[in-house]
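One structure is given here, and the rest of the page talks about it.
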Amino acid sequence: MAQCTQVKPDLDFVREIQAAGGQSLKTCYQCATCAVVCPISPANNPYPRKEMVWASWGLKDKLMNDVDLWLCHNCGNCAELCPRGARPADVMAAARNMVYKDLTSPSIIGKWMSSIKGLPFLIAIPALIWFFVWAVRSGIKGSWFPRAADGRIVFGEIFYGDYTIDPIFIVTFFGAAYILYRGTMKLLERFRPEGTILMLGNVKPWYMHLWDVLVQEIVTHKKFQDCGTDKADRRLGHMAVFYSFAILAVVTAIVAGGHWIGKVIPAVAVHTPMPLTFPVKILANIGAVALFVGLTLMTMRRLKLDPKFQLSSFYDWYLLGVIWVVAVTGMLAQIFRLMDCVTWAFSVYYLHLVAVWMLFAYLPWSKLGHFVYRVAALTYVRTIGRR
Ligand code: SF4
Ligand code: SF4
């Protein structure tokens, strides 16, 4: 006798995924064109058609535990050829957004991050933290815009590194890293099927696969290349932002290391503000230029998206917006300092600190977290013998 499988659709989940950016999913008639044309989907386990079916039927567990969500690079090729305008790339992105929302705690941040209504709360937290620092320090210094003894504008007069910026960002960075680690472990747990996977032959340990992913895919952004030559600006934009972050991370490490180690070994001390001709400052400005180039390419691409095929969600604009504010305020703070405009310099620097804090503190709930989650997913599929 034929066996009957009962499917229990979660209609609330269908509504949630539609609200998160997958409005068009119900127009899909499951022709599978999307899975055929996806340039990076493997032949033996194609996507995104199956995800369209799960989303449409409200199969929440299936979709939320799906490793393939994280392998999709959101190129939009599938959406351009979908005969029904079901926008499968947006549905994949909406499903990822829903995973961000409940993967890490406190979940209230994920809720705020999911719509523009939460933005004031997200801004208010760092705005209050840095305003408190400014108010306390200005009370000590006797001015909201104090100058150094030699008359220069030195941001450390208010936002003193040792007691304000360093401890606040160290706690923020390690706190976000811990939350991200917990989220990644939870995500990997979701991917694991019931039972045991039997691997035959030479089995590489996971960290060797991780190394391969970093070298073969992340450093080169190879999958973006596989998405087609007509998407070359997308790859270039992502690479420019990726490498600018890497350069700015190196600069931050040198400045922080030089500051703290310099207290013990004065020969390696790095003092801020650095002169424009100082090599570390030159490196920082190269990173800033790369960031502007990458942001411009990514923003232009988003603005040029044809809404018939792909839309941008609040998650997309939130991340781009925060990085733009970081870049513009960082550059303007430097310009106002060099122009000796003390009020503008401190005010813009305050906004810069607010934006940088938002970038790092909310990383596990933002699209920036996808970088880590995607690396975890790519590593996972390699460890189970898939590509
Ligand atoms: S999303 Fe479009 S291309 Fe994919 S199965 Fe549905 S109708 Fe076909
Ligand atoms: S957006 Fe691109 S990578 Fe993602 S499923 Fe569609 S074609 Fe594949």
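The values are calculated or read from the model by the stated rules, or taken from the named source; none is laboratory data. Since the model is a prediction, treat every value here as computed from it, not as a measurement. Glycine also receives a Cβ, built like all others from the backbone with ideal geometry; neighbour counts cover every protein chain displayed.
List the number of the failed condition for G330; all other conditions in (1) without any contact (Cβ under 8 Å) to a residue 40 or more places away in the chain; (2) crowded, with 16+ Cβ neighbours inside 10 Å hold.
Among (1) without any contact (Cβ under 8 Å) to a residue 40 or more places away in the chain; (2) crowded, with 16+ Cβ neighbours inside 10 Å, G330 violates only (1).
Taking only the stretch 311-338 into account, find how many residues are farther than 30 Å from V255 by Cα and either of a type in the set (S, T, N, Q) or assigned to a helix (DSSP H, G or I) (or both).
Going through the stretch 311-338 one residue at a time, the tally reaches 6.
Which one of D66, D90, D61 is more than 9 Å from ligand 1 (Cβ to nearest atom) and free of Cβ contacts under 8 Å to residues at least 24 places away in the same chain? Reasoning before the result, please.
Working: D66 fails: free of Cβ contacts under 8 Å to residues at least 24 places away in the same chain; D90 fails: free of Cβ contacts under 8 Å to residues at least 24 places away in the same chain.
Only one candidate passes the filter, namely D61.
What is the residue count in the stretch 73-89 for residues that are in a helix (DSSP H, G or I) and closer than 18 Å to W57 by Cβ? Talk me through it step by step, then tell me what you get.
Of all residues in the stretch 73-89, those in a helix (DSSP H, G or I) come to 77-81, 88-89.
Subset that is closer than 18 Å to W57 by Cβ: 88.
The qualifying residues number 1.
Can you tell me which condition M298 does not meet? The list is (1) without any contact (Cβ under 8 Å) to a residue 24 or more places away in the chain; (2) farther than 30 Å from R147 by Cα, and all the others hold.
(1)
Tell me the residue from K117, K50, K111 that is within 16 Å of ligand 1 (Cβ to nearest atom) and of a type outside the set (S, T, Y), please.
Being within 16 Å of ligand 1 (Cβ to nearest atom) and of a type outside the set (S, T, Y) holds for just one of K117, K50, K111, which is K50.
Only residues that are closer than 26 Å to P307 by Cβ and either among the hydrophobic types (A, V, I, L, M, F, W, C) or not in a helix (DSSP H, G or I) (or both): list them for the stretch 90-111, please.
V91, M92, A93, A94, A95, M98, V99
Out of (1) part of a helix (DSSP H, G or I); (2) within 30 Å of S41 (Cα to Cα); (3) among the basic types (K, R), what's the single condition that is false for K308?
(1) is the only condition that K308 fails.
Any residue that is in a helix (DSSP H, G or I) and within 12 Å of ligand 2 (Cβ to nearest atom) - is there at least one of those in the stretch 55-67?
The answer is no, given that none of the residues of the stretch 55-67 is in a helix (DSSP H, G or I) and within 12 Å of ligand 2 (Cβ to nearest atom).
Can you confirm whether the stretch 137-155 contains a residue that is under 15 Å from F314 (Cα atoms) and of a type in the set (V, I, T)?
No, the stretch 137-155 contains no residue that is under 15 Å from F314 (Cα atoms) and of a type in the set (V, I, T).
Search the stretch 1-29 for residues being surrounded by 14 or more Cβ atoms within 10 Å (Cβ to Cβ) and in a loop (DSSP other than H, G, I, E, B), and hand back the single one that is modelled with the lowest pLDDT.
D10
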